[in-house]
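Structure first, commentary second.
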Amino acid sequence: MQQRKHPNGKSINFNRWKTRFRGVSCMYQELKQLKYSSSHIYKGIHVVEKLKLMCVLAHPDDESLGTGGALAKYASEGVETYLVTATRGERGRIGDKRGHLDLATVGQIREAELLAAAEILGVREVQFLDYIDGDLDRADVSEAVAKIVSHIRRVQPQVVITFDANGSYGHPDHIAISQLTTAATVCAADSSYKTLNDHAAHRVSKLYQMAWTRGKFEAYQAAFKDLKFNVDEVERRATPWPDWAITTFIDTVAYAPTVWQAVQCHQSQMSIYRELQHLSDEHHRALWGAQEFYRVFSLVNGGRQRETDLFEGLR
Ligand SMILES: [Zn+2]
């Protein structure tokens, strides 16, 4: 097994690393697909950029349940899709064995499930920030932001998606990754902000948060029963966004079966998803057939008209 030392002293398994990168050698061929590229004039030169989408999320399964439709749709259209996941879901349930496995073992199982789901969704690269599930809101902020900045600068996505400010249903890890990612988009664009690597500053064009409409919220409540989370003895519940606040609606109905396939890769979580297996096709379409987002900022478009494409203004 090929092992090398990372500058920070950690060992890298290059064989595993390589499996996370697919088709890099095809990148220059794909640049010809102008439809999926953004172009602009810089110092008199016509610059063509490959369209890239990056999701920065907290746990394995967030990518499928939260952004599966968008990831599947854009990957199938030729957009490069990237996933950064903060933890390996170490405190998640493993079938009926909750509490019987150590954190590292649970993390390994859930990492493998995430990589399988990402493969189905067509994700080009998966990276972990190496935090422990449940600890993210107590992570060193400057270190966590720097890690995300490094990925943003290296990949150079035009569009970044993360959780909304309420973490969908109040999960502290979801709230933390939303705040950290937002800070990272600011720092990534600032050439005076330095990280350990020497990637150039990169300005993200559009930042999005996942947002549930009332319809999506009701579909989730029906599927997962009562979505709530207790933090410091205070009960937190999922709350739908007002429909008028949704800036972006993506039709992903064609990808609903793909998303359901990706969700099922998280076999260790199926005791939580059990209800999903008995839902009608119509209910599955309600869950995975559309993705709604709140546009936190855009440097390329604006206004009240609802978007139907995360890359609106970029192509
Ligand atoms: Zn999560």
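The values are calculated or read from the model by the stated rules, or taken from the named source; none is laboratory data. None of the values given here were measured: they were computed from a predicted structure. Using ideal geometry, Cβ is built from the backbone for each residue, glycine included, and neighbour counts are taken over all protein chains shown.
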Kindly establish whether residue 176 is within 16 Å of the ligand (Cβ to nearest atom), aliphatic (A, V, I, L, M) and assigned to a helix (DSSP H, G or I). yes
Is it the case that some residue within region 291-313 is more than 17 Å from the chain's Cα centre (by Cα), assigned to a helix (DSSP H, G or I) and not acidic (Asp, Glu)? no
Out of all the residues in region 219-239, which are over 14 Å from residue 278 (Cα atoms) and in contact (Cβ under 8 Å) with a residue 40 or more places away in the chain? 227, 228, 229, 231, 236, 237, 238, 239
Within region 63-81, can you find the residues that are among the polar types (S, T, N, Q) and within 16 Å of the ligand (Cβ to nearest atom)? 64, 67
Could you tell me whether residue 258 is farther than 18 Å from residue 62 by Cβ and either within 17 Å of the chain's Cα centre (by Cα) or buried (at least 16 other Cβ atoms within 10 Å of the Cβ) (or both)? no
Single residue of region 179-215 satisfying the filter (more than 30 Å from residue 232 (Cβ to Cβ), charged (D, E, K, R) and surrounded by fewer than 16 Cβ atoms within 10 Å (Cβ to Cβ)) that is farthest from the ligand (Cβ to nearest atom): 198
Under 6 Å by Cβ, and 6 or more places apart or on different chains, what pairs join a residue from region 55-84 that is among the small types (Gly, Ala, Ser) with one that is assigned to a loop (DSSP other than H, G, I, E, B) and away from the ligand (no atom under 11 Å from the Cβ)? 69/252; 75/122; 78/33
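Within region 170-183, work out how many residues are touching a helix residue (DSSP H, G or I) at 6+ places or on another chain (Cβ under 9 Å) and over 24 Å from residue 196 (Cα atoms).
Residues meeting the conditions: 4.
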With the structure loaded, tell me whether residue 195 is touching a residue at least 24 places away in the same chain (Cβ under 8 Å), assigned to a loop (DSSP other than H, G, I, E, B) and closer than 23 Å to residue 273 by Cα or whether it fails that test. no
Name the residue that is nearest to residue 149 (Cα to Cα), counting only residues in region 66-84 that are under 10 Å from the mean Cα position of the chain (by Cα) and of a type in the set (A, V, I, L, M). 84
If I go through region 121-169 residue by residue, how many of them are in contact with a Cys (Cβ under 8 Å, 6 or more places away or on another chain) and assigned to a strand (DSSP E or B)? 3
Any residue that is in a helix (DSSP H, G or I) and more than 22 Å from residue 178 (Cα to Cα) - is there at least one of those in region 80-99? no
Here the residues within region 264-288 that are touching a Gly at 6+ places or on another chain (Cβ under 7 Å) and closer than 15 Å to residue 63 by Cα are 269, 288
Would you mind finding the one in 198, 190, 140, 164 that is among the charged types (D, E, K, R) and in contact with a strand residue (DSSP E or B) (Cβ under 8 Å, 6 or more places away or on another chain)? 164
Assess whether residue 166 counts as being surrounded by fewer than 19 Cβ atoms within 10 Å (Cβ to Cβ) and either more than 18 Å from the chain's Cα centre (by Cα) or within 16 Å of the ligand (Cβ to nearest atom) (or both). no
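Every residue in region 137-163 that is within 25 Å of residue 124 (Cβ to Cβ) and within 15 Å of the ligand (Cβ to nearest atom), please.
Our first condition is that a residue be within 25 Å of residue 124 (Cβ to Cβ); within region 137-163, this holds for 144-163.
Selection gives 161, 162, 163.
Take residue 231 and decide whether it is modelled with pLDDT under 95 and in contact with a helix residue (DSSP H, G or I) (Cβ under 9 Å, 6 or more places away or on another chain).
yes
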